[in-house]
Amino acid sequence: MASQDQVNVLNKIYGEYIDFKSSESTVSNYTKLAEEYEKDFAGLGYDTPEVLAKTAVESLSAHTEDTLVYDVACGTGLVADGLIKAGYKGNMDGVDGSAGMLELAKNKNIYRNLAEAFINPETRLDIADSTYDGIVCCGGFGPSHLEPVVLRELVRITKAGGMLVFATRYNEHSTPYVTRLNKMIAELEEEKIWTMKKSYKANYFDVDFCNQEKPLLATIYCYQKV
């Protein structure tokens, strides 16, 4: 059963952070609330970035100081924190649409480069093909965030043999989005662009906005570019 504090934060996330009608408004909201973000999300048991980061480090079995990972929708740098905690030795670049979140990430001094950009379906990043050994994304693939087709652009900038580790949350509200995401994942498999290495369920929040009697779950995907 959710505590009243958790319910209050949950209502804040789905009322003040996320605008289900507008990605642009959602990005603006994250900037306004950037200073409160880590505290708010941690209060709901949000350890998914650390769990995802551990999977990414395990998948990059030969990572060295020359290994390069791209953190998509990096926010304040929670996945990067997790990568370092898991023993990652390489460099990290990050991208996020929220200037406020990026400022907090910059202050951690853990990224090589940070860029402010929202990756739309038509976006072609100013990054060469096959640049990164790994891509990580936690929290970006969901309603009012990144469209599933963005996966194609992320695959483009990944080296052959490189890993893409990302997550999505799922409940009644996000079902249509997750259906589209899974369709895109399957298309990339059918086109022999990548192969699945791992996929598993994990806790996202201790409380589900759609049903406060149970936790909000996530799926973490780990794919390797062919």
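Here are the numbers:
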quantity: Percent accessible area from carbon and sulfur atoms, region 104-210, protein chains only, probe 1.4 Å; calculated: 50
quantity: For region 37-50, Karplus couplings with θ = phi - 60° (6.51, -1.76, 1.60), whole Hz, Gly/Pro x; calculated: 4, 5, 5, 4, 6, 5, x, 9, x, 6, 10, 4, x, 5
quantity: Fraction of accessible area attributable to carbon and sulfur, region 1-68 (%, probe 1.4 Å); calculated: 48
quantity: Relative contact order computed over the chain (Cα-Cα under 8 Å; 6+ residues apart), in percent; calculated: 21
quantity: Computed label-point distance, nm, for sites Ala99 and Arg124 using a 7 Å Cα→Cβ extension; calculated: 2.8
quantity: Gaussian network model of the chain, Cα within-10 Å springs - most flexible of Gly90, Gly140, Gly75; calculated: Gly90
quantity: Gaussian network model of the chain, springs between alpha carbon atoms under 10 Å - residue of Glu35, Glu122, Glu153 with greatest fluctuation; calculated: Glu122
quantity: For the chain, built as a Gaussian network whose Cα springs stay under 10 Å, the top-fluctuating residue of Ala115, Ala128, Ala167; calculated: Ala128
quantity: For Ile135, distant residues with modelled amide H under 5 Å away; calculated: Tyr70, Met163, Leu164, Val165
quantity: Summed residue charge, Cβ within 12 Å of Ala117's Cβ, Lys/Arg positive, Asp/Glu negative; calculated: -4
quantity: Surface per residue (accessible, 1.4 Å probe) for region 173-226, Å²; calculated: 54
quantity: Subset of Lys39/Lys85; Lys21/Lys54; Lys32/Lys106 violating a 28 Å alpha-carbon distance limit; calculated: Lys21/Lys54
quantity: Burial order of peptide ranges 15-23, 142-150, 93-101 (average beta-carbon count within 10 Å, highest first); calculated: 93-101, 142-150, 15-23
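The values are calculated or read from the model by the stated rules, or taken from the named source; none is laboratory data. Predicted model only: the values in this text are computed from it and were never measured. All Cβ positions, even for glycine, are placed from backbone atoms using ideal geometry, and neighbour counts span all protein chains on display. Remember, those area values only see protein heavy atoms, side chains included, never the ligands or the DNA or RNA. Shrake-Rupley method; radii C 1.70, N 1.55, O 1.52, S 1.80 Å.
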